[in-house]
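> The following block contains the structure, expressed as structure tokens.
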Amino acid sequence: MNVLRMGETTHEDTFHALRPNGHDCYLLLLVESPALFETEEGWQKVEPGTAVFYLPGQRHHYRADGEPYTDCWMYLESDAPLMFEGFPFGKPLPLRESGRFFSLFSMMLDEFFSSRRTRESVQGALAGALCDMLAAEVDIQGELFSPFLALREAVFRSPASAWSVEEQAKKLGVSCGYFHVLYKRYFGATFLSD
């Protein structure tokens, strides 16, 4: 996972963003002011403390709602999918404890603009934590999602390695059958096809 750009921006109360083809990378918005976001169901009023995570190429359409619009934003790229199959990409997701997200984002922003030699590795770890926290806001994945996501990222980083279902299931403390069920639920693909 690589953070390409990030920041925090305030726009005028007339702000309006329409990107029919999105961006060529993931876009994460942490909304800090009232706003309106267009979803498949139409325009949705969004309160501060809401996240919206867009897939590469996904349409973005949102605007201020009568006052200046502020958000924290981050462009990410990854060789592996960042979220599980069924994650509500492009839909506003109210955050239960939004302060945690904004605090982590602030740390990431500081790291992003630092000149420390560990900047990239720390940035990647913090971005992974932020994605895990966001995934935890959606109640369909359960406690094993993070270890499965880490496994999938390892497979994508080293596809030539000998990956065994039996060995990975044992490491995760589940049966082979349950391993297959969870992997398919989380990612919409089988372990062997990845």
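> For the stretch 22-75, what class follows from the C-alpha gyration tensor (a ≥ b ≥ c being the square roots of its eigenvalues): rounded when a/c is under 1.5, otherwise prolate if a/b is larger than b/c, else oblate?
Oblate, because a/c is 1.5 or more while a/b does not exceed b/c.
> Kindly express, to the nearest 10 degrees and within the range 0 to 90, the angle between helix 145-157's C-alpha long axis and the longest C-alpha principal axis of the chain.
On a 0 to 90 degree scale, this one is about 80.
> Let me ask something additional. Determine the shape class of the stretch 92-194: with a ≥ b ≥ c the square roots of the Cα gyration tensor eigenvalues, call it rounded for a/c under 1.5, and otherwise prolate if a/b is greater than b/c, oblate otherwise.
oblate
> Give me the net charge of residue 153's neighbourhood, meaning all other residues with Cβ under 11 Å from the Cβ of residue 153; Lys, Arg count +1, Asp, Glu -1.
Spelling it out: positives minus negatives among the neighbours equals 0.
> Between residue 61 and residue 144, how high is the FRET efficiency from 1/(1 + (r/R0)^6) when r is the Cβ-Cβ distance and R₀ = 35 Å? Nearest 0.05.
0.50
> Still on this structure: With θ set to phi - 60°, apply the Karplus curve 6.51 cos²θ - 1.76 cosθ + 1.60 along the stretch 3-13 and write out the HN-Hα couplings as whole Hz, x wherever there is a Gly or Pro.
8, 7, 8, 7, x, 10, 9, 10, 10, 5, 5
> Compute the long axis of helix 98-112 from its Cα atoms, compare it with the longest principal axis of the Cα atoms of the chain, and write down the angle in degrees, 0 to 90, nearest 10.
Tilt relative to the chain: about 80 degrees.
> Within the accessible area of the stretch 99-161, what % is carbon and sulfur when the probe is 1.4 Å and the other protein chains stay in place?
That fraction is 55 percent.
> Rounded, prolate or oblate, given the Cα gyration tensor of the chain, with a/c below 1.5 counting as rounded?
Prolate, since a/c reaches 1.5 and a/b exceeds b/c.
> State the Cα centre-to-centre distance between the stretch 144-194 and the stretch 5-36 in whole Å.
34 Å
> How much accessible area per residue does the chain have, in Å², with a 1.4 Å probe?
51 Å²
> Counting every Cα pair in the stretch 59-99, what percent are over 14 Å apart?
Beyond 14 Å sits 71 percent of the P(r) for the stretch 59-99.
> Using a 1.4 angstrom probe on the protein heavy atoms only, line up 163, 43, 73 by accessible area, largest first.
Per-residue accessible area, sorted high to low, gives 43, 163, 73.
The values are calculated or read from the model by the stated rules, or taken from the named source; none is laboratory data. Keep in mind it's a predicted model, so treat the numbers as computed, not measured. Positions of Cβ are backbone-derived with ideal geometry, glycine not excepted, and every protein chain shown enters the neighbour counts. Note: accessible area is taken over every heavy atom of the protein model, side chains too, but ligands, DNA and RNA are not part of it. Shrake-Rupley method; radii C 1.70, N 1.55, O 1.52, S 1.80 Å.
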